[in-house]
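Notes follow once the structure below has been shown.
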Amino acid sequence: MNIGIVCYPTYGGSGVVATELGIGLAQKGHQVHFLSYARPQRLNTFEANINFHEVSVNVYPLFEYPPYDLALASHMVDLIKYQKLDVLHVHYAIPHATSAYLAKKILGEEGKRVAVITTLHGTDITIVGSDPSYLPVVEFSINKSDSVTAVSDYLRDETYAKFKTTKEIHVIPNFVDVNRFKRIDRSHFKKAICPDGEFVVTHVSNFRKVKRVSDTVEVFSRILKAGIPAKLLLVGDGPERVNVETMCRTLGVCEHVRMLGKQEKVEEILSISDLFLMPSGSETFGLAALEAMSCSVPVISSDVGGLPMLNIDGETGFVCALGDTDTMAEKAIEMFRNKEMHETMTLNARKRAEDFELSRVIEQYEQLYVEVMESVQAAAAQDQD
Ligand code: GMT
């Protein structure tokens, strides 16, 4: 198949899922065309069947807000026309699903033959998409997509609750490459960071407010106060970083915290980690936690959104009430003091991650592509008769 994949190129989960999916599809022989305003972060190796098309937005003095959605729609028109796309799979509804609708309309008869699939990821529904400033457009674009998927049951249900739609929403969960995300020996790295064998607590995110990185620092500080020797690795960057740095100073934990910034080889950092913290205020799935679990790292998370489905309380880690940093810290301390519990949870975490193995999920997307493609092409043929 000729498949167009549209995503945000940033470190966020929707871009990661889109990129890993595209790479997986290309390795199965499909022609994949990525479309975004920059090269997606995880698209960093040469793959025979992959093309990347950069959307550049022409600036003009009148445009205080250059219209990316229109530039994207124009690029989509080109791709559908000249690369003969069968499927256009857009990740994150805003503005991708709207641009796809526009592109199809612009192409008229030709546009009817391409199957537009929208994958809902998170805040495109739960926060920004349901804000009145975007809601009517998001609702319209969901309803006009040829097929819609969501990354968890929770997100599907939220979509039905927040938007007027009778569209069937297929749940296709996020996935992980368990062969890449597995515990590898990085003892030299561990020794450099923890010369005295301290525990490693890790957090990976894009440091937006919703990730509550300050809760992570709070929990970590309590772990130290309990006399547990530990280091905190903070991976990623974003708007909250400066606040987090200030908090580390205020709590006097700076010498035990490493800010590693954006990292390509997250699996190497996860490989020396003993605990992953995800205290998010909203999380439809929690892909970063899944990648940690795949590297045999137990997770302590909040209980929001899709997290309790992924992180099984008492088995793969602990699920605590949102903002309850006391309990999160208590559970971490309990785990670090109980070697047997910690070991069992590392095994369980990996086992749970294997339920979300990449190849199985890629097959689900391929199957959906075929079904939707056949149905739109049949409808287009009928229209012509
Ligand atoms: O929706 C977002 O905030 C953006 C998105 C991203 O690109 O980071 O994250 C969401 O999609 C991920 C991949 O499907 C999920 O693993 C995250 O849980 C989800 N984030 C939120 O719901 C906050």
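Within the set 179, 174, the sole residue that is touching a Gly at 6+ places or on another chain (Cβ under 8 Å) and not in a helix (DSSP H, G or I) turns out to be 174.
Against the list (1) surrounded by 16 or more Cβ atoms within 10 Å (Cβ to Cβ); (2) more than 16 Å from the ligand (Cβ to nearest atom), the condition residue 11 fails is (2).
If only one of 159, 98, 166, 118 is within 25 Å of residue 370 (Cα to Cα), in the same structural domain as residue 6 (by TED's automatic domain parsing) and out of contact with any helix residue (DSSP H, G or I) (no Cβ under 7 Å at 6 or more places or on another chain), which one is it? Walk me through it before giving the result.
On the way: 159 fails: out of contact with any helix residue (DSSP H, G or I) (no Cβ under 7 Å at 6 or more places or on another chain); 98 fails: out of contact with any helix residue (DSSP H, G or I) (no Cβ under 7 Å at 6 or more places or on another chain); 118 fails: out of contact with any helix residue (DSSP H, G or I) (no Cβ under 7 Å at 6 or more places or on another chain).
Testing whether each residue is within 25 Å of residue 370 (Cα to Cα), in the same structural domain as residue 6 (by TED's automatic domain parsing) and out of contact with any helix residue (DSSP H, G or I) (no Cβ under 7 Å at 6 or more places or on another chain) leaves just 166.
Please find, within the range 101-130, the residue that is nearest to the ligand (Cβ to nearest atom) out of those that are assigned to a helix (DSSP H, G or I) and closer than 17 Å to residue 14 by Cα. Going through the qualifying residues, I end up with 123.
For residue 347, indicate whether it is exposed (fewer than 15 other Cβ atoms within 10 Å of the Cβ), part of a helix (DSSP H, G or I) and not assigned by TED's automatic domain parsing to the domain that holds residue 110. Full working, then the answer.
On the way: exposed (fewer than 15 other Cβ atoms within 10 Å of the Cβ): yes; part of a helix (DSSP H, G or I): yes; not assigned by TED's automatic domain parsing to the domain that holds residue 110: yes.
Criteria met by residue 347.
Can you tell me which residues in the range 1-14 are at pLDDT below 95 and not in a loop (DSSP other than H, G, I, E, B)? Scanning the range 1-14 gives a single hit, 13.
Among the listed residues 88, 107, 135, identify the single one that is over 30 Å from residue 308 (Cβ atoms), surrounded by fewer than 24 Cβ atoms within 10 Å (Cβ to Cβ) and hydrophobic (A, V, I, L, M, F, W, C).
Details: 88 fails: surrounded by fewer than 24 Cβ atoms within 10 Å (Cβ to Cβ); 135 fails: over 30 Å from residue 308 (Cβ atoms).
Going through 88, 107, 135 in turn, the sole match is 107.
None of 218, 245 is part of a helix (DSSP H, G or I), without any contact (Cβ under 8 Å) to a residue 40 or more places away in the chain and surrounded by fewer than 22 Cβ atoms within 10 Å (Cβ to Cβ) except 245. Selection of the range 100-143 for residues being of a type in the set (Ser, Thr, Tyr) and over 24 Å from residue 174 (Cα atoms) yields 101, 133, 134.
Restricting the range 201-215 to residues that are out of contact with any Pro (no Cβ under 6 Å at 6 or more places or on another chain) and in a helix (DSSP H, G or I) leaves a set whose member that is nearest to the ligand (Cβ to nearest atom) is 210.
Within the bounds of the range 131-139, is there any residue that is away from the ligand (no atom under 16 Å from the Cβ), of a type in the set (Ser, Thr, Tyr) and assigned by TED's automatic domain parsing to the domain that holds residue 165? There is at least one residue in the range 131-139 that is away from the ligand (no atom under 16 Å from the Cβ), of a type in the set (Ser, Thr, Tyr) and assigned by TED's automatic domain parsing to the domain that holds residue 165. For residue 190, the conditions (1) of a type outside the set (Gly, Ala, Ser); (2) part of a loop (DSSP other than H, G, I, E, B); (3) more than 30 Å from residue 380 (Cβ to Cβ) all hold with the exception of (2). If the condition is being away from the ligand (no atom under 11 Å from the Cβ) and of a type outside the set (A, V, I, L, M, F, W, C), then the range 284-301 contributes 294, 296, 298.
The values are calculated or read from the model by the stated rules, or taken from the named source; none is laboratory data. Fair warning: this is a prediction, and the values are worked out from it, not measured in the lab. For neighbour counting, all protein chains shown are included, and Cβ atoms are generated from backbone atoms with ideal geometry for every residue, glycine included.
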